[in-house]
Amino acid sequence: MKPDIRWQTLLALVGLALVLMLLSYQVQSAALCTAVVPAAGGTFIEGIVGRPLSLNPLLSDPYPVDRQLSGLVFDGLVRTEADGTVAPALAESWVTSEDGLTLTFTLREGLTWHDGEPVTAQDVAFTYGLMQDEAFPGPAALRQLWQAVTIEVIDAQQIQFTLTQPYAPFITATARGILPAHLLGDVAAADLATTAFNRAPIGTGPFMVQPGQAWQNGDRLRLTPNPTYWREGTQLSDIEFRFFADDAALLAAFRAGEVHAADGLPAGLMPEVLATDGTRLFTSLAPRYSALFFNLGETGAAAVRAKEVRQALAYGLDRIGLIDTVLNGQGVAFDGPFLPGTWAARPDLMTAYTYQPETATALLDTAGWVVGEGGRRAREGAPLALRVVALDEAEQRAVAEEVVRQWAALGIDAQLTLATDLPELHQLLGSRSFDAALLEIAPSADPDLYDFWSQEAIVRGQNYAAWNNRRASEALEAARQTLPQNERTVYHEAFLRQFDADLPALALYRHVTSYVLSDTVQQAEIGRLDEPRDRFATLPAWFLNFREISVSCP
């Protein structure tokens, strides 16, 4: 039988086509790669030490966790930048009268509460009016401030505040979160602390409290990103905060993978944090610092009332070494009462008290405090003995012990007293039963130090050093009554020159705040952490869930 050439040719062509298809597929496959892309959903879990009492910005001042969470839910008229300047928030602008007594704010257009209701000037008047009530259950200082202010609603978008005298720090008082009048209008000021609103509040901030939670009796609180704030959307569905009794419990939960992030772990735990696999550590300068206050009053030791001795104590401290050893590098040394980087700071005007033990020794010798038997310094038979007080908290205790050790190396008999709690520390400070006190300072948003260093603050304030300097006090008073920043700077400079000349206190270091993040959280970057919401600045890029897709290889 003669073969059919046509069928053989057709079969050959089909086979050739199959071979070419296979080869083409292999070539294309070799040029493809797998990429991971975000998938919507997932709950980001952050752990913090402590638990909130209520979510109300008018009541949160004494409670760190309350302040942190309220700052995520509520907005004020303004906000404070890292350098201390004021920027718009709910208010788009404001003007000040020529006499400095009246401030008029204009709200941004289209503002809404989390429930969709419009935000108006009436909400602002209602909120700040609550603090004028004699029955207001919050800090007395807030009531005293706002009772001296006349509040007038001009229209739905404008509100006016009139003061009895110019007061530059007032503008930062309007950074306090605003409450919704349409939900709380019938609540008396006396009942503000017990209202159910504090458990499931409605604000204007970047996060909303999910309703129906029993967080006051539990260990967690869940928030949802506010879609009107995150207009570009977020991959994460929720953020959950879990509350822990102490730092050790929080670290253990992070290492076990129970939380994605740990906020504010102390410097002493940093070695354990860095030893944990899959950990990213973000650090940022915190708006607080630790300093030594010297008792210049009659109850202070004669030695510490002498400027040469205070200078010797400053030069005799190795602050950099203290930060490296005691704080694991989590601190920044600086000089002066204003935080570096803020508009009022002038480091060029301050003496740099670097570690100079030879200078310290020479100053003590010149002052007559010479080394005697046993290596202790004395003058005319009286030993150089100092009472040092500090709070019995892990970091403050360790720092105080290092200060005492370093001063002992100079021949100074420094005895440390640890206050068991803040009330006991305040009692020691109020009675001035100390020669040097280690204090942690959280300055106000406005660089107003009148309540720390004026003559009036010796009796009614926090001038625990009893520094009685008339020129410094007058400069501080003038600074708080002058509104233009460039004019205030002149008075602040005058104050700083007096402060540097007398050295009533020595700044040790600015605190560093830490944020520990698991690498399971993708595309998360953390910048400055001046406010709680700052850590979520890049939230739209964060994701936990993902899917794999094929893409052309680069």
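Miscellaneous remarks
- Meets criteria (buried (at least 17 other Cβ atoms within 10 Å of the Cβ) and within 30 Å of Thr354 (Cα to Cα)) for Leu483: no
- Every condition in (1) exposed (fewer than 15 other Cβ atoms within 10 Å of the Cβ); (2) more than 19 Å from Trp113 (Cβ to Cβ); (3) assigned by TED's automatic domain parsing to the domain that holds Leu111 holds for Ala214 except the one numbered (3).
- Qualifying residue in the range 458-473 (condition: free of Cβ contacts under 8 Å to residues at least 40 places away in the same chain, under 24 Å from Ala140 (Cβ atoms), in a helix (DSSP H, G or I) and small (Gly, Ala, Ser)): yes
- Matching option when the condition is surrounded by fewer than 19 Cβ atoms within 10 Å (Cβ to Cβ), free of Cβ contacts under 8 Å to residues at least 60 places away in the same chain and of a type outside the set (S, T, N, Q), among Ala245, Ala252, Ala193: Ala252
- Where helices (runs of 4 or more DSSP H) fall wholly inside the range 95-213, the ranges with 2 or more residues that are of a type outside the set (Lys, Arg) and touching a strand residue (DSSP E or B) at 6+ places or on another chain (Cβ under 8 Å) are 121-130, 170-173.
- So Asp500, is it charged (D, E, K, R), under 30 Å from Tyr355 (Cα atoms), assigned by TED's automatic domain parsing to the domain that holds Arg346 and touching a residue at least 12 places away in the same chain (Cβ under 8 Å): yes
- Output for the range 380-394, where each listed residue is surrounded by fewer than 19 Cβ atoms within 10 Å (Cβ to Cβ) and of a type outside the set (A, V, I, L, M, F, W, C): Glu380, Gly381, Pro383, Asp392, Glu393
- Evaluation of Asn328 against (1) in a strand (DSSP E or B); (2) more than 26 Å from Thr489 (Cβ to Cβ); (3) in contact with a helix residue (DSSP H, G or I) (Cβ under 9 Å, 6 or more places away or on another chain) (one fails), failing number: (1)
- Criterion: on the phi < 0 side of the Ramachandran plot, in the same structural domain as Glu402 (by TED's automatic domain parsing) and in a strand (DSSP E or B) - qualifying residue of Ala291, Ala314: Ala291
- Close pairs (8 angstrom Cβ cut-off, 6 or more residues apart or separate chains): exposed (fewer than 14 other Cβ atoms within 10 Å of the Cβ) in the range 519-546, basic (Lys, Arg) and at pLDDT 90 or above anywhere: Asp519/Arg280
- Those residues of the range 221-237 which are modelled with pLDDT under 95 and either in contact with a His (Cβ under 9 Å, 6 or more places away or on another chain) or in a strand (DSSP E or B) (or both), in sequence order: Thr228
- Qualifying residues in the range 126-149 (those that are touching a residue at least 12 places away in the same chain (Cβ under 8 Å) and polar (S, T, N, Q)) - the one surrounded by the most Cβ atoms within 10 Å (Cβ to Cβ): Thr127
- Residue list for the range 379-433, restricted to those being in contact with a Leu (Cβ under 6 Å, 6 or more places away or on another chain) and β-branched (Val, Ile, Thr): Val388, Val389, Val404, Ile412
- Ala302 fulfils the conditions (1) surrounded by 20 or more Cβ atoms within 10 Å (Cβ to Cβ); (2) without any contact (Cβ under 8 Å) to a residue 60 or more places away in the chain except for a single criterion, (1).
The values are calculated or read from the model by the stated rules, or taken from the named source; none is laboratory data. A quick note: this is a predicted structure, and the numbers were derived from the prediction, not measured. Cβ: placed from backbone, ideal geometry, glycine included. Neighbour counts: every protein chain shown.
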